[in-house]
Every structure is written in structure tokens, then in C-alpha cells.
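The values are calculated or read from the model by the stated rules, or taken from the named source; none is laboratory data. In this text, all values refer to a predicted model and were calculated from it rather than measured experimentally. Positions of Cβ are backbone-derived with ideal geometry, glycine not excepted, and every protein chain shown enters the neighbour counts. Note: areas computed on protein heavy atoms with side chains; ligands, DNA, RNA excluded. Shrake-Rupley method; radii C 1.70, N 1.55, O 1.52, S 1.80 Å.
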Amino acid sequence: SVRNCKIMRVTLKSEVRYLILLRDITKEKEVEAMRRDFVANVSHELRTPLTSIHGYAETLAEDDLEDKETVYRFLSIIENESARMTRLINDLLDLEKLESGEASFSKEDVELGEVVNYVMRIVEPLASEKNVSINVDVDEGIFVEGDFDRLVQLLLNLVDNAVKYTFAKEHGPKEIWLRAYAQNNSAMIEVEDTGVGIPEDSLKHIFERFYRVDKARSRKMGGTGLGLAITRFIVEKHGGTISLESEYGTGTILKVKLPLKKVFE
Ligand code: ADP
């Protein structure tokens, strides 16, 4: 696309020349379209929980609900949806901080085992509540250079997803494997699950903001659709890559490859 087309007449050493100035605004148009898309997405994402909170609150206020169980069920939906809204806003602000470059990453020597232990302390109780067992196989003394809190956030997102989408599968094993090892000059982290899996045509979209295979299921699981976008950002900020393999209905493996700092035997 072109805007501001200008034709100028210049006289150079008594020769007349014409200068045509064109401004290519293709990029600007793209950025503008992305911004509009993003605003539409965010509004929709915020409106969904609000609509449900409003609906249930209205019913509770207007109807004379005799049945205590129904009252509690409605209240718990309101509680969950408002908690999800808070998470959504926090994730949005975090993503904005990351993408604008405002978030600073420290560069410490971080042992992967420590990251895994930290994450396990948070996730283990939630997993056992959902009858999902997590097997940890982590080699000791593998160091990467980076930000401990951000690495925890990265792994927490992956393990949290593994638990959520394994729990969501009604039948079959409910197991997760968490592995860390050194390979050549890389530190590898893998999270493998026996969950619902991801259909092949969704694989390439999975790291996009707000992309979900099944919106209703993600919402029910408390998801915001931003976890993997944030995760990928953190991985890349550490000079690494993230990839996945998945079989629909069987399970998923997320693999993170980070530059290896050192290994202590
Ligand atoms: P959400 O908050 O919805 O979990 P994410 O960005 O973390 O958002 O993930 C995006 C989508 O990718 C999810 O909605 C889900 O459809 C899919 N997904 C992510 N991890 C897994 C997994 N381990 N197993 C199956 N599907 C997954």
C-alpha cells in the first residue's frame, strides 16, 4: 500500500528532474490490523467471564433459590470465573511487559534440578488432587544461564498444562514425565503427558495468543489461552527453542532446548 505520493520538481545545474516520493505503509497497515485484532480478542476474552458472572449473580439475586446446593454451585462458578479474569489480566500485563522489553531478565547460573523442585512443590498437590501422577527424571548439575523466576514460570506453565489436559481425558492412564538432561551443548527439558493430545492441524497455532483447541474445555480448566505464548517468549529470551509432538487422544510432549552453561558431575 502506498500513501502520501508526492511529485517534486527539482532543477539541478539547470536540468529539470522529477522526484517521486512514495511512502510504503504496508507494514503500518499490518501493525494496525494486528492491534485491532488484539483489542477485539481481549474484549471478547474479558466479556465471556463477565457475562457468566453477571448471569449467575442475577439469578441468585432474583430467584428464590431454595436448593442450597444450586446456590453453592452458582457461587463457585462466580468465584472461578472471577479468578480466571484476574489471571487473564495478569497474563496480559505480563505479556505486554515481556513484549515491550520492559521486563528485565537476570542472568544467574541456574540449576535445572532446582527449578524442577520448585515447580514440583507447587504442582504436586494439584496433580494428586486430580489423580495425575508426575514422574521426575532429572539429571543433576545441569546449569543454564538465566532468570530463575522466569524459568520456574516457564516450566510451571508446561506442567500445569500437562496436568490440566491429562485430567481432562476421561479414560486411560493419567501420568506425566518430567525430564531434564544435557545433550551436546544444550540443556533439554521435556514434559510428556498422557492427556487429550492436540490435533495435527492445530499444532502450528498452539503458541499463538488466545489459540485453544477447545475453547470451552480450556475455560473449564481455568485457562487464559496466553500460557504458551508467554512460555515461548521466555524460552526465546533465554536463547532457546520450544517444540512439541502430539498424538490426538494419546498425549503430548513439549520439548525445551536451552543453551547449556555447564554440567557438574
Ligand atoms: P490455556 O490457558 O488454554 O491452557 P495455553 O496457551 O497454555 O492456554 O495453551 C493453548 C492451548 O493449547 C490449550 O487451550 C490447549 O488446547 C492446547 N494445549 C496446551 N498444552 C496442552 C497439552 N499438554 N495437552 C493438550 N493440549 C494442550
Counting only protein heavy atoms and leaving out ligands, DNA and RNA, the solvent-accessible surface of Tyr72 at a 1.4 Å probe, in Å² to the nearest 10, equals 140
The percentage of the accessible area of the chain (probe 1.4 Å, all protein chains present) made up of carbon and sulfur atoms, to the nearest whole number, is 51
Summing +1 per Lys or Arg and -1 per Asp or Glu among the other residues with Cβ less than 9 Å from Arg3's Cβ gives -1
Restricting to Cα pairs under 8 Å and 6 or more apart, the percent relative contact order of the range 157-265 works out to 32
Largest-first semi-axes in Å of the equivalent ellipsoid built from the Cα gyration tensor of the range 1-151 are 52, 33, 10
Treating only Lys and Arg (+1) and Asp and Glu (-1) as charged, each at its beta carbon, one finds that the chain has a dipole about its Cα centre, in Debye to the nearest 20, of 1740
Taking every alpha carbon pair in the chain and sorting the distances into 10 angstrom bins from 0 up to the bin holding the longest one, the percent per bin comes out as 6, 23, 27, 20, 10, 7, 4, 2, 1, 0
For Glu28 and Met8, extending 7 Å from Cα along the Cα-Cβ vector and measuring point to point gives, in nm, a value of 1.7
